[in-house]
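In what follows, a structure is listed as structure tokens, so that the remarks can point back to it.
The values are calculated or read from the model by the stated rules, or taken from the named source; none is laboratory data. Computed from a predicted model, the values in this text were never measured in an experiment. With ideal geometry, Cβ positions are generated from the backbone for all residues, glycine too; neighbour counts draw on all protein chains shown. The area values use the complete protein model at the heavy-atom level, side chains included, leaving out ligands, DNA and RNA. Shrake-Rupley method; radii C 1.70, N 1.55, O 1.52, S 1.80 Å.
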Amino acid sequence: MLATLTLMTPGSVAQGRAAQPDSGPWWRHAVIYEIYPRSFQDSNGDGIGDLNGITSRLDYLESLGVNAIWLSPVYPSPQVDFGYDISDYENIDPQYGTLADFDHLVQEAKKHNIRILMDMVMNHTSDKHKWFIESASSKTNPKRDWYVWRDGKGVDAKGKPIPPNNWVSLFGGSAWQYDPKTKQFYYHKFYRQQPDLNWRNPEVEKAMFGAVRFWLDRGVAGFRLDAVPTLFEDPKLRDEPVLGGTNAQGDPNLDDIYTNNLPEVHDVMRRLREVVNEYPGDRVLIGETYLPNVQELDKWYGGAKHDELQLPMDMQVGFINKLNASLFRKRIQDAETRIDGNQPLFVFDNHDNRRSWDRYGDGIHNEAIAKVVAVTLLTSHATALMYYGEEIGMVTSTPKRKQDVKDPIGITGWPKEKGRDGERTPMQWDSSKNAGFSTADKTWLPVASNYRTVNVKVEDSEPNSLLNWHKKLIAMRRSDPALRSGKQIMLDDINPSVLSYVRKGVNGGPSVVVALNFTNQTQTVSLDLTRAGVTGSTVKTLMTDAPALEGTSSLRHLTLPPFASWIGSVQ
Ligand code: TEU
Ligand code: CA
């Protein structure tokens with residue numbers, strides 16, 4: 001296993017790239033790494049991560065093998081939603097640095113073969129953005145119509161204004177906020193400090209595309225589009241169907257048909273794609289697209305026209321949240337065969353959900369399970385999206401007391417909804433104070449208690465660590481032609497316990513076979529590759545965490561210990 005580590009020297013990385021026959025756009029084969037800037041590396045000792053901190057960790061990111069960083073928002077912001085409430089789209093929040101620091105990061109990252117992607121929040125601004133301040137100033141202000149203002153339905157018995165309809169905010173309470181000054185309500189899908197822009201007004205699109213160009217001109221490789229299915233609302237303001245019961249915030253469950261994934265959004269996506277296409281270097285649009293099924297996902301690519309996003313996120317695979325081999329098989333196959341030849345993007349972790357370590361872990365075999373998850377992500381045909389700390393097995397550290405919660409939904413929702421602090425704790429670099437994240441006495445969120453054993457430095461020195469597992473997988477994914485671009489074909493169709501598939505060899509080269517035990521029982525499989533059109537019989541192990549499988553030479557009887565991973569080459 002150690003032998004594959006030699007693949008990762010910087011020299012061979014560059015060589016590996018040059019040697020690829022199927023270049024195509026870079027993002028097709030990329031590993032994209034999400035950084036939550038507050039929590040990655042603090043450079044000035046204030047307990048909050050910053051841009052210079054990220055720049056200082058580029059060597060690490062290159063050694064891991066990532067091709068691009070998606071930065072969660074670093075724009076000026078009141079930080080109600082930790083940056084997702086933007087008050088200026090064309091600057092950097094002083095907490096994170098300056099525009100010069102940003103340019104420096106882009107330059108230095110380039111030297112490490114790493115691209116920078118920005119997070120673009122188009123659905124809403126901060127209520128402190130000058131656009132909203134103007135819009136709220138009077139009913140006749142030229143920017144009034146930049147946001148969604150409506151009259152209420154009169155007043156209730158206590159004289160309280162009644163909102164225009166039953167829409168609720170995803171973050172709790174009515175989605176309508178009354179403004180006593182102009183006696184109208186404005187709509188907010190998220191916090192009340194995040195008023196929704198009115199995308200039916202062409203000036204909004206013009207202004208937002210201007211911000212997009214500002215960053216493209218500065219050299220960013222593209223954008224992750226925040227909550228992008230929520231741009232449009234029903235102009236008739238119809239009540240959403242009531243589903244019964246209440247959610248964690250105590251609001252009625254609604255079917256969000258009038259505030260989410262409206263068809264109008266696709267026209268905006270096509271025009272945005274045209275903007276991005278004007279720039280050289282395969283700039284990319286990534287969507288935060290929580291969607292109900294693969295048909296809806298396909299629309300976000302522009303289907304067979306391929307004229308919308310290059311990489312809307314497939315949330316159907318990574319958020320299954322249980323190791324169910326049949327479901328994984330079905331959903332991966334959907335992504336492979338039902339999106340009009342577009343490129344899938346898989347993701348298991350982000351800053352809004354409990355970490356995959358805990359969502360998939362059974363409390364006993366978590367490390368082996370994390371390795372299964374890593375193989376599923378990194379040997380798939382999909383572009384891979386990772387979240388900082390996923391590679392070392394960071395855990396979710398949910399606050400134990402309400403008074404410690406920083407994420408507002410965790411305060412309003414306590415104790416049912418404890419917020420998202422748990423998946424946003426500082427990166428664990430080493431065993432020193434604050435895990436090497438910061439020299440401050442107090443960091444903005446506490447460092448997880450396991451940092452002395454779970455950190456980059458410790459795992460770097462352990463050949464079998466989760467970190468080295470990721471490094472080897474990423475290096476292999478980069479250098480192996482079948483893993484780079486071979487078709488992904490499922491094997492053993494009805495096996496409920498083992499997920500197995502082939503990445504088909506390219507130009508007669510070897511194929512890669514993957515077998516993953518999704519259960520806590522030993523499983524034996526017999527894999528028939530002929531139906532995948534693979535005839536070779538020389539089998540060689542490329543990677544496994546089961547020592548007994550190192551010498552595998554036949555796929556007739558492959559015996560996988562609980563949660564074991566096996567990757568082999570067949571020729
Ligand atoms: O999230 C959008 C979204 O759909 C969230 O409601 C998500 O489901 C929720 O956070 C889970 O608890 C994006 C960002 O990723 C999130 O951090 C922001 O708070 C939100 O948009 C508003 O900008
Ligand atoms: Ca909206």
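The residues of region 97-153 that are under 22 Å from the mean Cα position of the chain (by Cα) and within 16 Å of ligand 1 (Cβ to nearest atom), listed by number, are Leu117, Met118, Asp119, Met120, Val121, Met122, Asn123, His124, Thr125. For region 545-557, the condition holds for at least one residue, the condition being that it is buried (at least 17 other Cβ atoms within 10 Å of the Cβ), free of Cβ contacts under 8 Å to residues at least 24 places away in the same chain and under 30 Å from Met427 (Cα atoms). Of everything in region 109-153, what is among the charged types (D, E, K, R) and either more than 18 Å from Phe190 (Cα to Cα) or in a helix (DSSP H, G or I) (or both)? Give them in sequence order. Correct list: Lys110, Lys111, Arg115, Lys130, Glu134, Lys139, Lys143, Arg144, Asp145, Asp151, Lys153. Counting only residues that are open to solvent by less than 10 Å² (accessible area, probe 1.4 Å), in a loop (DSSP other than H, G, I, E, B) and closer than 24 Å to Arg270 by Cα, region 311-355 holds 4 of them.
Taken as a whole, the condition of being open to solvent by 50 Å² or more (accessible area, probe 1.4 Å) and touching a residue at least 40 places away in the same chain (Cβ under 8 Å) applies to Gln295.
Regarding region 154-163, can at least one residue be identified that is more than 23 Å from the chain's Cα centre (by Cα) and assigned to a helix (DSSP H, G or I)? The answer is no, given that none of the residues of region 154-163 is more than 23 Å from the chain's Cα centre (by Cα) and assigned to a helix (DSSP H, G or I). Counting only residues that are within 22 Å of Ile339 (Cα to Cα) and buried (at least 22 other Cβ atoms within 10 Å of the Cβ), region 487-503 holds 7 of them. In the set Asp81, Asp50, only one residue is among the acidic types (Asp, Glu), more than 16 Å from ligand 2 (Cβ to nearest atom) and touching a residue at least 12 places away in the same chain (Cβ under 8 Å); that residue is Asp50. For region 122-172, filtered to residues that are over 24 Å from Arg238 (Cα atoms) and open to solvent by 80 Å² or more (accessible area, probe 1.4 Å), the residue that is farthest from ligand 2 (Cβ to nearest atom) is Lys158.
Close Cβ contacts (under 7 Å, 6 or more residues apart or on different chains) running from residues in region 349-377 that are at pLDDT 95 or above to residues that are open to solvent by 10 Å² or more (accessible area, probe 1.4 Å) and within 16 Å of ligand 2 (Cβ to nearest atom) are absent. Scanning region 356-381 for residues that are more than 16 Å from ligand 1 (Cβ to nearest atom), in a helix (DSSP H, G or I) and of a type in the set (D, E, K, R), we see that the one that is least open to solvent (accessible area, probe 1.4 Å) is Lys371. Restricting Gly210, Gly219, Gly244 to those that are more than 14 Å from ligand 2 (Cβ to nearest atom), over 30 Å from Pro280 (Cα atoms) and open to solvent by 20 Å² or more (accessible area, probe 1.4 Å) reduces the list to Gly244. The numbered conditions (1) under 19 Å from Lys371 (Cα atoms); (2) open to solvent by less than 40 Å² (accessible area, probe 1.4 Å) are all true for Gln521 except (2).
Would you be able to tell me the number of residues in region 457-470 that are assigned to a helix (DSSP H, G or I) and open to solvent by less than 10 Å² (accessible area, probe 1.4 Å)? Of the residues in that region, 5 qualify. Among the candidates Ala211, Ala227, the residue that is within 16 Å of ligand 1 (Cβ to nearest atom) and on the phi > 0 side of the Ramachandran plot is uniquely Ala227.
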